[in-house]
Structures are given as C-alpha cells and as structure tokens.
1. Roughly to the nearest percent, how much of the accessible area of the chain is carbon and sulfur, given a 1.4 Å probe?
2. Using the heavy atoms of the protein chains and a 1.4 angstrom probe, tell me the accessible area per residue for the chain in square angstrom.
3. Per the helix-only calculation at 222 nm, which mean residue ellipticity applies to the chain, given -39500 (n - 2.57) for every DSSP H run of n ≥ 4 and division by its residues, nearest 500 deg cm²/dmol?
4. Of Pro45, Gln58, Met75, whose Cα points farthest to the positive end of the dipole of the chain (charges on the beta-carbon: +1 Lys, Arg; -1 Asp, Glu; origin at the Cα centre)?
Amino acid sequence: MIIEIDTDRLNADITGMRDHLDALNRAQEQIYGCLENLRAMWQGPAQSAFYIQTQNDQAALQGLMRNVNNLIGCMEYAKSEY
C-alpha cells in the first residue's frame, strides 16, 4: 500500500497549527490573569467555587493544548520521514 502526501501542505498545516496554538496560549494567559484579578474582588463560598471552577477549566484547556502540541510533534515526525 502506497500513501502519498503533499509535504508542502503538511508543513503549512504544521505552521498554521503552531501559530494557532501560540495564539491560544497568549489568550489563555490574558483570560486567566483577568479571572485572577476578578477573583480577588470578593471573598466567601462563591469566590471559592469560582476559583475551583476556573482552575478546572484551565487544567482542561492545558490538557487540550498538550494534545495539540503532541499532534504537531507527530506531524513533524511524519514530515521528516517523508
């Protein structure tokens, strides 16, 4: 079985995914910085619940970003093998 691939297109996809991942990382830093400032504005159970939820959301986002980064690594490996 022969599989053909357009390495120029693969390289463009890798570059595009890396650019989007970088932008997502910058946006995450801004958003969670703002959320931390917001959290500092009040105290009590609602503040604790807010903090826990934002931490859970951030962990999920970071997991997704790691997965995308791993995918980029796999695509780079594939490109090097072609």
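1. Here it works out to 55 percent.
2. Heavy-atom SASA per residue in the chain reads 77 Å².
3. Here the helix-only value at 222 nm equals -31000 deg cm²/dmol.
4. With unit charges placed on the Cβ atoms, the residue in question is Pro45.
The values are calculated or read from the model by the stated rules, or taken from the named source; none is laboratory data. These figures come from a predicted structure and were not determined experimentally. FYI the Cβ positions are ideal-geometry reconstructions off the backbone, even for glycines, and counts take in every protein chain you see. Note: areas computed on protein heavy atoms with side chains; ligands, DNA, RNA excluded. Shrake-Rupley method; radii C 1.70, N 1.55, O 1.52, S 1.80 Å.
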